[in-house]
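Rule-based calculations on the coordinates, nothing more; no lab input. All values reported here derive from a predicted model rather than from experimental measurement. Here the Cβ positions follow ideal geometry from the backbone for every residue, glycine too, while neighbour counts run over all protein chains shown.
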Amino acid sequence: MRSTGRIRKDVFGRTAGHCHFCGDSIVFENYGRGQPEGLDGAWEIDHVIQRGKGGARTIDNCLPACIRCNRLRWHRTGSELRELILLGLVAHDEIKRGSKLGQTILSLKTERLRRNDVRRKQGNVPFRLRTEAEVP
């Protein structure tokens, strides 16, 4: 299925201009633009059942997703994504409480971001590593 303007409008309208995962507003004109850290309202067409898992290449299998959610989902099913969100809520609560587990989770997050930055080298110039103060 090729993403034409008509198809994009149909997919966009199915959720009245919101990401079908998180519910954040998306902007029709920002289709396919930006990186996860970039343009607000940027979105992509998400195959609800991924093509690699037997999902149809039809418009009936598509919903709009903000780039952040779509890139976090990757190959995960809806139930796998919901489990990750639930675990994220548990982690968030532990961090907010300042528990030892929360501190460990923050340390693991910092290390994961460091590894991601190293992995995302462009040519021989790595992305700038974030300091601990910059890690949300």
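Some points to look at:
- Dipole magnitude of region 4-56, debye to nearest 20 (Cβ charges: Lys/Arg +1, Asp/Glu -1, about Cα centre): 340 debye
- Legend: ranking of residues His92, His20 from fewest to most surrounding C-beta atoms inside 10 Å; resulting order His92, His20.
- Unit charges on C-beta of K, R, D, E only; dipole of region 1-100, Debye: 260 debye
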